[in-house]
């Protein structure tokens, strides 16, 4: 609840309401409209407070930083999914081909051999 979270972090409940109004925090609500903060909400709040207290970042700056952080996390998930897909594809192709080099995603070529110099 808002009062418990405010007390736990040494901030005024209005600060939490402001962060919510600005879209920095999005606690869930009960049917009686009481705010409920999850562990994820509290981690996000700790990050917000460190931006404010330790770095002096204003609310607009916090919003930009949080947005960039979310984009970076999404990009990281996409990269992990892509790497997993490539690994599965390589394994699938290699096991399906009698000659593993024929199952490669990129054609495997024989190494180029430099011809011996000609004598004059």
Legend entry - Shape category assigned to region 1-57 from the gyration tensor of Cα positions, a/c cut at 1.5: prolate
Legend entry - Theoretical FRET efficiency, 1/(1+(r/R0)^6), r = Cβ-Cβ of residue 29 and residue 9, R0 22 Å, to 0.05: 0.65
Inset, instruction - Grab the beta carbon distance between residue 20 and residue 80, set R0 = 35 Å, and tell me the FRET efficiency rounded to 0.05. - result: 0.65
Inset, instruction - State the extension gain, in nm to one decimal, for the chain segment bounded by residue 42 and residue 93, taking 0.36 nm per residue of separation less the distance between their alpha-carbons. - result: 13.8 nm
Legend entry - Overall form of region 9-91 per C-alpha gyration tensor (a/c, 1.5; a/b vs b/c): prolate
Legend entry - Cβ-derived FRET efficiency at R0 30 Å, residue 1 paired with residue 65, nearest 0.05: 0.65
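Every read-out reported here was derived from the displayed coordinates using simple, explicitly stated rules and does not represent laboratory data. Because the structure is a prediction, the values reported are computed rather than measured. Heads up, the Cβs are rebuilt from the backbone with ideal geometry, glycines too, and the neighbour counts pull from every protein chain shown.
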